[in-house]
1. Could you tell me which of the residues G156, G106, G160, G169 is farther than 21 Å from G76 by Cα and open to solvent by less than 20 Å² (accessible area, probe 1.4 Å)?
2. Please give the number of the condition V54 fails out of (1) touching a residue at least 60 places away in the same chain (Cβ under 8 Å); (2) touching a Cys at 6+ places or on another chain (Cβ under 8 Å).
3. With the structure loaded, tell me whether P33 is open to solvent by 10 Å² or more (accessible area, probe 1.4 Å), over 24 Å from S158 (Cβ atoms), touching an Asp or Glu at 6+ places or on another chain (Cβ under 7 Å) and not in a strand (DSSP E or B) or whether it fails that test.
4. Do the conditions hold for T101, that is, is it closer than 29 Å to Q181 by Cβ, surrounded by fewer than 20 Cβ atoms within 10 Å (Cβ to Cβ) and of a type outside the set (D, E, K, R)?
5. Just to be sure I understand the filter: pairs with C-beta atoms under 7 Å, separated by 6 or more residues or on different chains, first member in the range 58-73 and aliphatic (A, V, I, L, M), second member part of a loop (DSSP other than H, G, I, E, B) and crowded, with 17+ Cβ neighbours inside 10 Å. Which pairs pass?
6. Consider E41 carefully, then state whether it is touching a residue at least 60 places away in the same chain (Cβ under 8 Å), within 22 Å of G114 (Cα to Cα) and not hydroxyl-bearing (S, T, Y).
7. Pull up the range 47-86, narrow it to residues that are open to solvent by 90 Å² or more (accessible area, probe 1.4 Å) and touching a strand residue (DSSP E or B) at 6+ places or on another chain (Cβ under 8 Å), then point me to the one that is farthest from W99 (Cα to Cα).
8. Do we have V7 as surrounded by 18 or more Cβ atoms within 10 Å (Cβ to Cβ), within 27 Å of Q181 (Cα to Cα) and touching a Cys at 6+ places or on another chain (Cβ under 7 Å) here?
Amino acid sequence: MLLFDGVEELDVVGPWEVFTASALLLDEAGLEPDTVVTVAEDSGPVSCAKGMRVLPDHTLDDHPPLDMVLVPGGRGTREQVDNADLLAWLAAVGLDARWVTSVCTGSLLLWASGLARHKRVATHWRFEDEFARKGDVRIVRDARWVRHGKVVTSQGVSAGIDMALWLVGQIHDPAHARATQRYIQYDPAPPYAAEV
């Protein structure tokens with residue numbers, strides 16, 4: 001999970017809760033749990049959009065191999081879209097990752113890195129028109145999350161939880177995703193129903 005100054009808290013914490021709850025349930029069942037880590041440009045504290053501060057586990061230069069990369073959104077994406085080092089890192093890890101994902105305006109960074117060019121993407125409703133004007137992307141306005149190949153993007157903030165549950169169902173199976181949803185007592189409307 002990528003971190004940067006100005007990141008929206010729930011864009012990170014929502015999927016973090018889903019993925020770590022999934023790992024806990026796998027571990028309790030005697031299965032190999034997934035490992036969830038945060039990665040930032042440097043090891044210092046990251047100041048989030050609403051004031052929460054987070055210490056990353058790794059930097060862009062010292063993280064383990066990543067099967068999935070999740071790019072959260074927030075106002076900080078508007079500054080990071082010009083961060084050549086971060087975008088180059090994202091493009092590189094995205095090539096080898098099994099899944100490349102974003103929440104909210106994190107899709108802008110996927111687009112800027114080239115990973116979401118010419119793809120269908122979801123983003124926060126307040127950013128859809130502005131993003132569409134950039135070109136080389138098709139904004140999907142009526143879905144909580146969108147899959148285009150290995151790129152999975154979600155709408156804003158709480159939609160990242162829905163996307164993360166769907167990903168748990170893809171990585172493991174729908175029954176495990178439902179168990180994870182029940183564990184975190186997440187009761188959206190509609191509840192997790194994806195079988196694909």
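1. Step by step, each of G156, G106, G160, G169 is checked, and only G169 is farther than 21 Å from G76 by Cα and open to solvent by less than 20 Å² (accessible area, probe 1.4 Å).
2. Of (1) touching a residue at least 60 places away in the same chain (Cβ under 8 Å); (2) touching a Cys at 6+ places or on another chain (Cβ under 8 Å), only one is false for V54: (1).
3. Answer is yes for this residue.
4. Answer is no for this residue.
5. Matching pairs, first to second residue: L60/E41; L66/A97; M68/A97; V69/A97; L70/M1.
6. Spelling it out, it is not the case that E41 is touching a residue at least 60 places away in the same chain (Cβ under 8 Å), within 22 Å of G114 (Cα to Cα) and not hydroxyl-bearing (S, T, Y).
7. This residue is R53.
8. yes
The values are calculated or read from the model by the stated rules, or taken from the named source; none is laboratory data. Only a predicted model underlies this, so the values are computations on that prediction, with no experimental measurement involved. Ideal geometry is used to build each Cβ from the backbone, glycine not excepted, and the neighbour counts take in all protein chains shown. Keep in mind that these areas ignore ligands, DNA and RNA; they rest on the heavy atoms of the full protein, side chains included. Shrake-Rupley method; radii C 1.70, N 1.55, O 1.52, S 1.80 Å.
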